[in-house]
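Worksheet for the structure shown next.
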Amino acid sequence: MGFRVMPKSAFPGWVEQMLQTYRVVGPRKIRDRYMFDEVNSPGDLDLTYSTTVLPPKKVLLPQHEELLSFDLESGKMEAAIDTQPTVLLGVHTCDLHAIRLLDAVFEDGYADQHYIARRQNVLLVSLECLSPCTEKSFCKSMGTLSVTEGYDLHLTDLGDSYAIDIGSERGQALLELTENAQPATDADYSRLNQTLSDKWPRFPYRLESDITELANLLAVSYDSDLWEELGEKCLGCGSCTIVCPTCYCFNVIDEVDFSLNAGSRIRQWDGCTLSQFAVVAGGHNFRSTNQERQRHRFFRKGKYQMEAYGLVGCVGCGRCAEACLVDINPVDTFNELSRRRIPMTRRHKEVLP
Amino acid sequence: MTQQKPKIAFFDFASCEGCQLTVIDSLQTNLELLNAVEIVNFREAMSEKGQDYQIAFIEGSCSRKSDEARLQAIREQADIVVALGACAHLGGVNAVRNRQPLEDVRTYVYGNKADWYETYPARPISQVITVDATIPGCPIDRDEFIASVKMLLQGRIPKLPETPLCVECKLLENQCVYTMGKVCLGPIVRAGCKAICPSFGDGCEGCRGLVSEPNMESLKQVMAEHGMADQDISHKLDLFLTYQMMNLENEEPK
Amino acid sequence: MTLLKDKIVSSSLYVPVQATIRDIRALTPLEKVFSLTLPDGMLLNHEPGQFVELSVFGVGEAPISITSSPSRSNGFFELCVRNAGDMTGVLHQMKPGDVVGVRGPFGRPFPMNRFLGKDLIFAIGGLGLAPARSVINQVLDERGKYGKVIILYGARTPGDLLFTDELEEWDRRSDVELHLTVDRPAEGWDGNVGVITTLFSHVQVYARNTVAITLGPPVMYRFVLMELLGKGVPEGNIWFSFERRMKCGVGKCGHCQIHHLYTCKDGPTFSFAEIKHLEGAL
């Protein structure tokens, strides 16, 4: 289909047009950090952002979300389905890959109508990354440094203009809100190609194994000494799972008014690295140590999600590494497991019955 | 579920009464509470003093022998006893003195009139009587207080949150105060305060108490790596957590 | 006929249907059986081994195994609930006529068609009898389709034995072999004393044609497994039902995960052959 080119000077006008019809959420600088937040005017946006504390996942799966309201007096019970038309602007490619995983999870089996309703009403405008956002990111190793699908529109910064790839009819319609997006010329093609080829060497490979090897590496590493070492360091603070773009585990609680008969059922984020995550009603904890919880976390990231959905469970954004006070992170963990790799033959001899 | 309005009472021991002020404050936006319960004893807010309550909220630590009888009398009357705030829950700031020889503390505070005042090492009320539920914090969080009362009305016992403060702080997208060169007890302290201190750029002081399985050694190392001397780390942990820390260290009050 | 399952697909999978408590029966001071009816003649249509998500509105939701068998669900179904937590504590205070929420049925049932013609040995501990009863009564209602039926059931004390009326009924049948044991006897108890594995010496089976169904507290499983493997029961014929925190029931919330498996949708029933390589599953 080719791509369009929009001068940066026209960008604010386009966002103004979006704001007429849509809620627009994008990266904003608030005090010293960036966060995805609702935009009231184009000036609120900062597309030069590095990374955010929480991923844009929160637009599709809010931290605290009403699932239903009930009133036992009248017998009324209603699902809370949010269909507000939203443009999610400036999503880095790692986070876009993460959203693809969330889509797979919430569409699988019994579909989650709350997530899907939001998802169907969110237009994704992603943004090509031209340099690593932090020292901790490792998107190139995870294969998330580029995207070919999953967006409605995809922006690449060409200096004084944006190259805009159209990924869907909805995206095309969104772009038609402006008259300033012109079909690309030959010169634009060479500028875009140059930009993409220039960016590649700026990103380091940080993982010593290929992502296709991760599942196998973990399969033989269940009994690695490393888990005990991580367990000793881990504070159990849960930050790693809370800031992760591919984590979606949740808890559900009820809130009532003083009648005690009416209230809401609320979904809120939870995390498998938190101590109470696997506790059942009788009090038994099926993962009772930090060691077991960290291992489960990394197995989800490197193995389980890939096996279940064919998509990477870690997109290399580096947020968990930024958030961890004791420097537990996927790069060092996977690399160390690789160095200590336990031969399958030994595992068969010593571990399996 | 039609039940008679439960009668509730508030009592205070060694404390600043700030938690009871928070209770009064919470009523401003939750007037329905007054239709759901009958308050029969609340020195901070009213002059009547009923003694036929079912739920007792107790603020303050037990800091002298003679308080024990009063606590026991409340326990005998109430079906449910709730510790209100850090002093009742943890011994609070009052327990800072437990690490010093008691005589020195008495002399320091009361000078030559020390003998006039009775005192002993401050302790959580759970060390004196059985406590059914705890609303933590210094002061308590008003929304948590309201939610806890609703749970009691439902016939439930509110439980202390096991989630560490870091979770709440991250959900609010705060910048970690460690990155601003400050230290914080968030990783080992119970959430539920809406991360109010870190949200204003200050590290958590621990007023809501330690989570059940705090990794103390690891956090001490983090604080040391952020430039704190051993002594400063101990002081940081002793503001609200002296009683819990001395328990972990198997240390007896002096 | 409307099925409960279709209901959650139509609006939101998290919105329960409002079921009415038609009867409550106390089995022990801790365990009660709640008999529930769905509105408008709606059917639960469950299979043995499945569970529902039970709500007390305003308090919360928890997974509860279905104790009644599909063969005996005449417009109602039964849940046996221990007063063990927040939600179940409030549930235990409720009265007939009160409304609760139900979603389900969820989970992979026991593969009953693979059990046809087999000798069945049930190894049950404590509250495990609740889900086991669903299977047992289904089998007894189609008795001719199965071989021997051997039931081993252990509880802490005689007072903790559940469904004692039905235990007596099973004991009286000539086509059921029932063995009971308790950890701590009480006055008047003349049966076996000891953990459930002490009952296995009473049991004769043709191992290769035997299916074992094991239901009970996590601590019991390893010991029962050793007995069954010791008797030569094939790995694929040893079945468990796992307890985990199945918060959502549909493989999304993550709490019940065992390695890559979700207990709520891949289980809760698993054969030993399916999970033997998964460390920590048992």
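For the residue pairs B:LYS7/B:LYS150; B:LYS7/B:LYS49; B:LYS159/C:LYS252, alpha carbon separations beyond 19 Å are given by B:LYS159/C:LYS252. Listed by chain and number, the aspartates and glutamates whose C-alpha is less than 17 Å from the C-alpha of C:LYS145, apart from same-chain residues fewer than 8 away, are C:GLU47, C:ASP119, C:ASP175, C:GLU177. If you take the Cα centroid of region A:50-94 and the Cα centroid of region B:74-88, the two points sit 39 Å apart.
Around the amide H of A:TYR34, modelled in the peptide plane, lie the amide H atoms of A:VAL53, all under 5 Å away and 5 or more residues distant in sequence or on another chain. Using a 10 angstrom Cβ neighbour count of at most 15 plus a DSSP loop assignment to flag exposed trypsin sites (Lys or Arg not before Pro), which longest range of chain A is free of such sites? Longest run free of exposed loop sites: A:32-339.
For the protein assembly as shown, the residue among B:ALA56, C:CYS80, C:TYR153 whose Cα projects farthest onto the positive side of the dipole built from Cβ charges is C:TYR153. Scanning chain C for cysteines with no neighbouring cysteine C-beta under 4.7 angstrom from their C-beta gives C:CYS80, C:CYS256, C:CYS264. The charge dipole of the protein assembly as shown, taken about the Cα centre with unit charges on the Cβ atoms of Lys, Arg (+1) and Asp, Glu (-1), comes to about 1400 debye, rounded to the nearest 20. Counting lysine pairs in region A:3-202 that sit 8 or more residues apart in sequence, or on different chains, and whose Cα atoms lie under 30 Å apart gives 20.
Computed about the Cα centre, the dipole magnitude for region B:1-137 is approximately 340 debye when only Lys and Arg (+1) and Asp and Glu (-1) carry charge, each at its Cβ. In order along region B:25-40, the Karplus-derived 3J(HN,Hα) couplings, from 6.51 cos²θ - 1.76 cosθ + 1.60 at θ = phi - 60°, round to 4, 5, 5, 4, 9, 9, 4, 4, 4, 5, 7, 8, 10, 10, 8, 9 Hz, and Gly and Pro are given as x. Note on chain B: dipole from Cβ charges, positive end direction compared against B:MET46, B:PHE11, B:ASN250; the farthest Cα belongs to B:MET46. Bridgeable lysines around B:LYS182 (alpha carbons under 16 Å apart, same-chain partners fewer than 8 residues away excluded): B:LYS220, B:LYS236. Near the amide H of B:CYS62, within less than 5 Å, lie the amide hydrogens of B:ARG123, B:ILE125, all on another chain or at least 5 residues away, with H placed in the peptide plane. Residue farthest toward the positive end of the dipole of region C:163-281, with Cβ of Lys/Arg at +1 and Asp/Glu at -1: which of C:TRP170, C:GLY254, C:GLY232? Final value for the positive-end residue is C:GLY254.
Close amide H partners of C:ILE151, meaning residues 5 or more places away or on another chain with modelled amide H under 5 Å apart, are C:PHE122, C:GLU177, C:LEU178, C:HIS179.
Overall shape: oblate for the protein assembly as shown, with the ratio a/c of the largest to smallest alpha carbon gyration tensor axis at 1.5 or above and b/c at least equal to a/b.
In a DSSP loop and with at most 10 other Cβ atoms within 10 Å, the GluC sites (Glu not before Pro) in region C:128-230 are C:GLU187. 3J(HN,Hα) along region C:37-47: 10, 8, x, 6, x, 4, 10, 7, 6, 8, 10 Hz, from the Karplus curve 6.51 cos²θ - 1.76 cosθ + 1.60 with θ = phi - 60°, whole Hz, x for Gly and Pro. Each residue of region A:247-256 is assigned a 3J(HN,Hα), and the resulting list reads 7, 9, 4, 9, 10, 10, 10, 9, 10, 10 Hz, derived from the Karplus form 6.51 cos²θ - 1.76 cosθ + 1.60 (θ = phi - 60°), x at Gly and Pro.
In percent, rounded to a whole number, the relative contact order of chain C is 17, using alpha-carbon pairs under 8 Å and six or more apart. Rounded, prolate or oblate: pick one for chain C, where a ≥ b ≥ c are the square roots of the eigenvalues of its C-alpha gyration tensor, a/c under 1.5 means rounded, and failing that, prolate if a/b is larger than b/c, else oblate. Here chain C falls in the prolate category.
Where a ≥ b ≥ c are the square roots of the eigenvalues of the C-alpha gyration tensor, would you call chain B rounded, which needs a/c under 1.5, or, failing that, prolate if a/b is larger than b/c, or oblate? The shape class here is oblate.
Only the Cβ atoms of Lys and Arg (+1) and of Asp and Glu (-1) were treated as charged; on that basis the dipole of chain B about its Cα centre amounts to roughly 240 debye. Across chain B, Cα pairs under 8 Å and at least six residues apart give a relative contact order of 19 percent.
For B:LYS113, a cut-off of 27 angstrom between C-alpha atoms picks up these lysines, skipping any fewer than 8 places away in its own chain: B:LYS65, B:LYS254.
Since every read-out is calculated from the coordinates, none of them should be taken as a lab result. Since this is a predicted model, take the numbers as computed values, not measurements. Neighbour counts are summed over all protein chains in view; Cβ atoms, including those assigned to glycine, are modelled from backbone coordinates with ideal geometry.
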